[in-house]
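So the structure is just underneath, and the comments pick up after that.
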Amino acid sequence: MKLCMIGTGYVGLVSGVCFSDLGNDVVCVDKDINKINLLKKGKIPIYEPGLLEIVTKNYKNKRLTFSSDLKTSVKNSDIIFICVGTPTKKNGSSADLSQIFNVAKELSSSINKFKIIITKSTVPVTTGDEIEKIISKKNIKNKFSVVSNPEFLREGEAIRDFTFPDRIIIGTNDKKSNRILKNLYSPLISKGAQYVNTSRRAAELIKYASNAFLATKITFINEIANLCEKTDINVEDISIGMGLDKRIGSRFLRSGPAYGGSCFPKDTKSIISTANKFKTNLSVIKSVIKSNEERSKLLLNRVYEILNKKIKNKKITFLGVTFKANTDDMRDSSSLSMIPVLSRKGAIIRYFDPTGYKSEFKKLKNVSFEDSIKKSIEKSDLVIIHTEWNDFKSINFKNLVKGKKFAIYDMRNIYSPTKIKAQGFKYFSVGR
Ligand SMILES: NC(=O)c1ccc[n+]([C@@H]2O[C@H](COP(=O)([O-])OP(=O)(O)OC[C@H]3O[C@@H](n4cnc5c(N)ncnc54)[C@H](O)[C@@H]3O)[C@@H](O)[C@H]2O)c1
């Protein structure tokens, strides 16, 4: 099939590349010309393990192309996936859908034969109806079909998640589109993915409800971790004990910093905003958002306690600043709410992240990037393990920085408290 991905970011690039690997002809379109030029030179603009290899393979065999010409790319394709960003509105909490509607307007003048137009971006309930209205202004109804096909991949695991999804949700009442899409996804269905056909609005809501539920699970165990800290209980025992109940499940039940990333913070706010529009009170999700916002403050208070409330001129290291491991994505990472506060209080902050320097901290006083774990920790008073990269899982602190005894705040519970304390370090973790 001939596919066009509009928006070549984490979702558009990964799904486009994977579709080409399944034998389709795919053009990935982006208005960011630098991104397209990089890709044409064989360079990947994002950090995603394994992506370079399959981009190179499919680009070479010409099943995958890159373009900034949206109109021609749409004309030459049968199925169009809209994969542009849907961030939170500035000064608001609802989703900013301007990128989506701009694309809908732009592509509406390129419908030269029947096209299936799919929103893979996460969009609020009724967005599909709006897209249909926009395209209908220039086209008769039987020339196109607007379908919702939300994406559930996780950054860092994106290729595996796309190739072996738990489920494929197709929101459409149009039988022809459903048949074509079932055929498109048949290689994944034959590997075990469940194919679910719903109404378009249901598909839109499934995505938000899923993200809100996962955010709830993380927030829930984070609050339980707070109780464990007060009652001398190891929260990991609770996670194991709860997670073995099949009704609950063990995933997303590990305590740590506030959840972040490009999806949960914006999607929880957006579903509340949608519910407000339809005069419905989603009180559970509201309290999840509040609890998560308080979490960074709570962990900062712990940092103050560890440093005996003396922050000025204290040397603090962050190991990992992205919101999770195996991605370079900084969007809504909890490090963005902690590092600026510590910098304002006079701390001297060094950070090391396997994905390198982060421009987000450029303007902050006394915040610098070091290009190795050793350099980042050797002068430290406190080392904060913020992200659970494998690189941080077996550091021999004692050998790496001989004679130095800093405190360690392991926000991911990577290390055994007894072993680290035996090496002479003050060690703090989460919920244990
Ligand atoms: N990142 C994830 O892990 C993830 C997972 C599931 C769903 N989603 C959803 O998928 C959507 C995309 O997320 P992302 O992380 O890939 O975003 P992103 O910011 O990485 O990529 C979006 C791309 O769209 C491009 N774009 C914007 N307007 C355009 C236009 N008019 N024409 C061509 N290109 C245009 C941008 O230049 C950018 O490269 C969002 O709705 C997000 O919520 C993201």
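Just to verify a result, which residue in the range 1-55, among those that are hydroxyl-bearing (Ser, Thr, Tyr) and within 15 Å of the ligand (Cβ to nearest atom), is nearest to the chain's Cα centre (by Cα)?
Step one: filter the range 1-55 for residues hydroxyl-bearing (Ser, Thr, Tyr), giving 8, 10, 15, 20, 47.
Imposing the further condition that a residue be within 15 Å of the ligand (Cβ to nearest atom) reduces the set to 8, 10, 15, 47.
Numbers: Thr8: 15, Tyr10: 9, Ser15: 15, Tyr47: 12 Å.
Of everything passing the filter in the range 1-55, Tyr10 is nearest to the chain's Cα centre (by Cα).
Restricting to helices (runs of 4 or more DSSP H) lying wholly in the range 185-273: which have 1 or more residues that are within 30 Å of Val146 (Cβ to Cβ)?
Ranges flagged: 186-189, 200-231.
Which ones in the range 325-363 are assigned to a loop (DSSP other than H, G, I, E, B) and touching an Asp or Glu at 6+ places or on another chain (Cβ under 6 Å)?
Result: Ala325, Thr327, Asp329, Met330, Pro354, Thr355.
Among the residues of the range 379-402 satisfying the criterion of being acidic (Asp, Glu) and either open to solvent by 70 Å² or more (accessible area, probe 1.4 Å) or within 25 Å of the chain's Cα centre (by Cα) (or both), which is nearest to Tyr427 (Cα to Cα)? If you could, list the steps in order and put the result at the bottom.
The initial filter retains those residues of the range 379-402 that are acidic (Asp, Glu), namely 381, 388, 391.
Retained after the next criterion (residues that are either open to solvent by 70 Å² or more (accessible area, probe 1.4 Å) or within 25 Å of the chain's Cα centre (by Cα) (or both)): 388, 391.
On the way: Glu388: 16, Asp391: 19 Å.
Selected residue: Glu388.
Name the residues in the range 148-201 that are farther than 18 Å from Gly128 by Cα and either at pLDDT below 95 or polar (S, T, N, Q) (or both), would you?
Correct list: Thr163, Asn183, Ser186, Ser190, Gln194.
With the condition being over 25 Å from Thr327 (Cα atoms), I'd like the strands (runs of 3 or more DSSP E) fully within the range 365-432 carrying at least 2 qualifying residues.
Fully inside the range 365-432 and qualifying: 426-429.
If I ask for residues that are near the ligand (Cβ under 9 Å from one of its atoms) and surrounded by fewer than 20 Cβ atoms within 10 Å (Cβ to Cβ), which ones from the range 86-97 would you list?
Hit for the range 86-97 is Pro87, nothing else.
Asn37: surrounded by 14 or more Cβ atoms within 10 Å (Cβ to Cβ), modelled with pLDDT of 95 or more, assigned to a helix (DSSP H, G or I) and among the polar types (S, T, N, Q), yes or no?
No.
Quickly run through the range 322-333 and pick out the residues that are in contact (Cβ under 8 Å) with a residue 60 or more places away in the chain and surrounded by fewer than 24 Cβ atoms within 10 Å (Cβ to Cβ).
Within the range 322-333, Lys324, Ala325, Asn326, Asp328, Asp329, Arg331, Asp332 meet the criteria.
For the range 161-186, which positions are surrounded by fewer than 23 Cβ atoms within 10 Å (Cβ to Cβ) and touching a Gly at 6+ places or on another chain (Cβ under 8 Å)?
If the condition is that a residue be surrounded by fewer than 23 Cβ atoms within 10 Å (Cβ to Cβ) and touching a Gly at 6+ places or on another chain (Cβ under 8 Å), then Phe164 is the only one that fits.
In the range 128-138, how many residues are of a type outside the set (Asp, Glu) and touching a strand residue (DSSP E or B) at 6+ places or on another chain (Cβ under 9 Å)?
Selection size over the range 128-138: 4.
Just checking, which of Phe361, Phe369, Phe406 is in contact with a Ser or Thr (Cβ under 9 Å, 6 or more places away or on another chain) and open to solvent by 50 Å² or more (accessible area, probe 1.4 Å)?
Phe369
The values are calculated or read from the model by the stated rules, or taken from the named source; none is laboratory data. What you see is a predicted model, and the numbers here were worked out from it, not measured in a lab. FYI the Cβ positions are ideal-geometry reconstructions off the backbone, even for glycines, and counts take in every protein chain you see. Heavy atoms of the whole protein, side chains included, go into the accessibility calculation; ligands, DNA and RNA do not. Shrake-Rupley method; radii C 1.70, N 1.55, O 1.52, S 1.80 Å.
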